[in-house]
Amino acid sequence: MSESKTFAVLGAGSYGTALAIVLASNGHQVKMWARDAEQAEAMQSDRTNSRYLPDVSFPETLQVSNDISEVMKEPTMVLVAVPSHAFRAALQTIKPYLNEKTPIIWASKGLDPDTGDLLGNVLVEELGASQPHAILSGPSFAKEMARGMPTAISLASSKSELAKELAIDFHNDRFRVYISTDVIGLQIGGAVKNVVAIGAGIADGLGFGSNARTALITRGLAEMKRLGVALGGKPETFNGMAGMGDLVLTCTDDQSRNRRFGLALGQGGDRDGAEEAIGQVVEGVRNAHEIHMLSERVGVEMPICEAIYRIIYEGEDPKVAAHELLTRDLKAES
């Protein structure tokens, strides 16, 4: 375990709270920012996130505030765990308080909603190329992390020493961190797996069975790797925690909001009703549009992700989209 540091954590949803609990449990001083003042006050006084993680108590070293100037008072590290569509705004919010040498770690999974660009590029646009940064991604449901259940995850930075330092900060006997330099690969893995998980949910909602789900996961991984490598990611990254690991988790477990959203669509539900029933951000809905923009821009064929895009944004019948996938021209597997 590393020496105690001060972490500012932006985002008081289930995932941000779970990561804040991990850091505080490791002995770090953690200040978590919640946008809503009433929510922040309740979390601080009740010592729990009653909305998302009601059965997990906060460690003493975890404090919650909606005062960004207080949260950003000389942190050693900053962790951004807001939904991907709020990532740019979060960086703009902290920029006036930020030391240019303070590392930024983000755990947001997705792309820029307006451009389909990587969040790492958004960070450079907003904070400059010299701001140290890293990404945390991998198979990690918030409830299990917060309860101290065994979890393994990936952390990547172009600066290997920063990656090693952060891995030590997060690591404990229930939270294992694998380090990487493939910042691009981790970003693509975290976004594409959300879209494929919606597809896995749709397939199960249609009653297609285990064979179809396994085929969809396998070919979804191929699409993830194709896009990632085209953008400069490393092929081996997609066989690891932030690729295959996160994909399998999100596609097969009903804790996944993306999978549950897909299940609802496959069973005949509509987009708005499915999102409302889940009650939290379903990242894969926006990711489907973002991946559509990005794959078209770089010229990478992604038939599964494209089918999910058509179902969500063009109203295509899931049965029709499935038929189109199954009747595509025969091709070699690789």
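The values are calculated or read from the model by the stated rules, or taken from the named source; none is laboratory data. Predicted, not measured: the structure shown is a model, and the values here were computed from it. All Cβ positions, glycine included, derive from the backbone under ideal geometry; neighbour counts span all protein chains shown. Heavy atoms of the whole protein, side chains included, go into the accessibility calculation; ligands, DNA and RNA do not. Shrake-Rupley method; radii C 1.70, N 1.55, O 1.52, S 1.80 Å.
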Worksheet item: Which of the residues that make up segment 239-285 are free of Cβ contacts under 8 Å to residues at least 40 places away in the same chain, part of a helix (DSSP H, G or I) and under 20 Å from residue 211 (Cβ atoms)?
Response: 244
Worksheet item: Hey, any hits in segment 173-195 for a residue that's touching a Cys at 6+ places or on another chain (Cβ under 6 Å) and either in contact (Cβ under 8 Å) with a residue 24 or more places away in the chain or assigned by the TED database to the domain that holds residue 254 (or both)?
Response: yes
Discussion item. If residue 296 satisfies all but one of (1) among the charged types (D, E, K, R); (2) open to solvent by 50 Å² or more (accessible area, probe 1.4 Å); (3) assigned to a loop (DSSP other than H, G, I, E, B), what's the number of the condition it fails?
Written reply: (3)
Worksheet item: Can you tell me which residues in segment 25-44 are more than 19 Å from residue 72 (Cα to Cα) and open to solvent by less than 20 Å² (accessible area, probe 1.4 Å)?
Response: 26
Worksheet item: Is there a residue being under 22 Å from residue 182 (Cα atoms) and hydrophobic (A, V, I, L, M, F, W, C) anywhere in segment 265-284?
Response: no
Discussion item. Restricting to segment 78-102, give me the number of residues that are buried (at least 18 other Cβ atoms within 10 Å of the Cβ) and in contact with an Asp or Glu (Cβ under 7 Å, 6 or more places away or on another chain).
Written reply: 4
Discussion item. One residue is enough: does segment 207-230 have a residue meeting the conditions without any contact (Cβ under 8 Å) to a residue 40 or more places away in the chain, within 20 Å of the chain's Cα centre (by Cα) and part of a loop (DSSP other than H, G, I, E, B)?
Written reply: no
Worksheet item: Given the conditions (1) in a strand (DSSP E or B); (2) of a type in the set (Gly, Ala, Ser); (3) farther than 28 Å from residue 234 by Cβ, which single one is not true for residue 69?
Response: (1)
Item to complete: Consider residue 310 carefully, then state whether it is assigned to a loop (DSSP other than H, G, I, E, B), of a type in the set (Lys, Arg) and open to solvent by 30 Å² or more (accessible area, probe 1.4 Å).
Response: no
Fill in: Checking residue 112 against (1) under 20 Å from the mean Cα position of the chain (by Cα); (2) at positive phi; (3) acidic (Asp, Glu), the condition it does not meet
(2)
Practice prompt. Would you point out which residue out of 22, 30 is assigned to a helix (DSSP H, G or I) and under 25 Å from residue 168 (Cβ atoms)?
Written response: 22
Discussion item. Which count do you get for residues in segment 203-226 that are touching a Pro at 6+ places or on another chain (Cβ under 8 Å) and open to solvent by less than 10 Å² (accessible area, probe 1.4 Å)?
Written reply: 1
Discussion item. Give me the strands (runs of 3 or more DSSP E) completely within segment 110-191, filtered to those with at least 3 residues that are open to solvent by 20 Å² or more (accessible area, probe 1.4 Å), ordered by residue number.
Written reply: 175-180
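I'm checking my understanding of the structure. Among residues of segment 318-334 that are open to solvent by less than 100 Å² (accessible area, probe 1.4 Å) and outside any helix (DSSP H, G or I), which one is nearest to residue 221 (Cα to Cα)?
We begin by selecting, within segment 318-334, every residue open to solvent by less than 100 Å² (accessible area, probe 1.4 Å); these are 318, 320-322, 324-325, 327-328, 332.
Filter once more, keeping what is outside any helix (DSSP H, G or I): 327-328, 332.
Numbers: 327: 20, 328: 18, 332: 16 Å.
Once the filter is applied, the top-ranked residue is 332.
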